[in-house]
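Colleague: First the structure, which I've put down as structure tokens, then a few questions once you've had a look.
Please treat every number below as a calculation from the coordinates, not as lab data. These numbers were taken from a predicted model, which means no experiment stands behind them. For neighbour counting, all protein chains shown are included, and Cβ atoms are generated from backbone atoms with ideal geometry for every residue, glycine included.
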Ligand code: IPM
Ligand code: MN
């Protein structure tokens, strides 16, 4: 039987604590469902950067390409200037490994508090497919007359037909496979961003012709934010560009109980994918055994699914649901009614 090789980048702050609980759950799932795996740890992150002045070793990408998946904790350190680690590690891995999809399920689990009044698990259950390699994140632009009163800062949204099309195709395929409402919504801003979203819109409706079984819909990004709050049940799958995807998925995460439970996958369908809890490194909670590991556990669930361990993935999801509807009191750090380690032990036991 195939052995899954998993690269573990626990990272900064509370990253190692939550990853530890996710790995506990992986061990329990492997025992129960009889698959084999091995993990290799990488110490990349803020601490290593402060010590060595190197963000990533030169052969980092080559090393990672040898794995079946990457499990990432969190990147971000209070003593490192914002941007260095984000661009130098997280975005570099996403770009250089061509993880062109950022997949973010938005699912309210039973028992989890949502700020949306009168909405429950049956209303909040959709997935955002965020383009992950282009757009404003490409880093194109320049300063003109920097530091003068005539300064201009230009930041370009870079969208290629190939990049947009592969993302949209992934979203259509995903909507079909998900097999729920079979509805794909393009989230854009065609009324203002008349180059970028003209390309997105044309590509969307061209590709749609190949998926007659999928209903299509379009919403401007500002309206998308309104509907996500007022009528989240309208959504099934949303596809959007990198920047809009970044913003709407934080809003979405809040409606599903917050960063304590929200997970995401950086997917290269033909290569190595990377799974992460989407909250940051939460330095103020580091080492206190209070951070919620469910987001990391849900990222592990996504990884298991991606590796083809469907039974194990389903068991992890079921265990999380049992935990949220029972013993775990809140999704917030320090308010769970259990410690970080206890939550991990509990989920592992449920499996
Ligand atoms: C995310 C994060 C990153 C992003 C940051 C840390 C660079 O906010 O994964 O959504 O903007 O993509
Ligand atoms: Mn973000």
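Colleague: Provide the packing ranking of 52-61, 117-126, i.e. peptides ordered by the mean count of other C-beta atoms within 10 Å per residue, highest first.
Modeller: Taking the mean over residues of other Cβ atoms within 10 Å, the ranking is 117-126, 52-61.
Colleague: I'd like the distance separating the alpha-carbon centroids of the range 240-262 and the range 140-217, in whole Å.
Modeller: 17 Å
Colleague: Give the Kirkwood hydrodynamic radius (Å, one decimal) of the range 3-350, defined as one over the mean of 1/r across all pairs of different Cα atoms.
Modeller: 20.8 Å
Colleague: How large is the translational diffusion coefficient of the range 220-351 in µm² per second when you combine the Kirkwood radius over alpha carbon pairs with Stokes-Einstein at 25 °C and 0.890 mPa s?
Modeller: The diffusion coefficient I find is 153 µm²/s.
Colleague: Nearest 0.05, what FRET efficiency do residue 311 and residue 284 give at R0 = 30 Å with Cβ-Cβ as r?
Modeller: It comes to 0.20.
Colleague: Based on the inverse mean of 1/r over its pairs of different Cα atoms, what is the Kirkwood hydrodynamic radius of the range 297-350, in Å?
Modeller: Result for the range 297-350, one decimal place: 11.5 Å.
Colleague: For a footprinting-style exposure proxy, rank 113, 227 by other Cβ within 10 Å, fewest first.
Modeller: Ranking 113, 227 by Cβ neighbours within 10 Å, fewest first, gives 113, 227.
Colleague: Peptides 314-326, 275-287: what's the order by average Cβ count within 10 Å, highest mean first?
Modeller: Highest to lowest by the protection proxy: 275-287, 314-326.
Colleague: Follow-up. Under a point spin-label approximation (7 Å from Cα along Cα-to-Cβ), what is the residue 31-residue 54 distance to one decimal in nm?
Modeller: Result: 3.8 nm between the two label points.
Colleague: When you count, for each residue, the other Cβ atoms within 10 Å and take the mean per peptide, how do 237-245, 72-80 rank with the highest first?
Modeller: 237-245, 72-80
Colleague: Right, next: Return the percentage of antiparallel bridges among DSSP beta bridges fully within the chain, rounded to the nearest 5 %. Each step should come with its number before you reach the end.
Modeller: Details: 20 of 49 bridges.
Roughly 40 percent of the beta bridges in the chain run antiparallel, per DSSP.
Colleague: Each label point is 7 Å from the Cα along the Cα-to-Cβ direction; what then is the distance between the points at residue 63 and residue 176, in nm?
Modeller: Each label point is offset 7 Å from its Cα along the Cβ direction, giving 3.9 nm.
Colleague: With labels modelled as points extended 7 Å from the Cα through the Cβ direction, what inter-label distance (nm, one decimal) is found for residue 84 paired with residue 330?
Modeller: With each label point 7 Å from Cα toward Cβ, the separation is 3.5 nm.
Colleague: Calculated from DSSP H runs of 4 or more alone, at -39500 (n - 2.57) each and per residue, what is the 222 nm mean residue ellipticity of the chain, nearest 500?
Modeller: That comes out to -11500 deg cm²/dmol.
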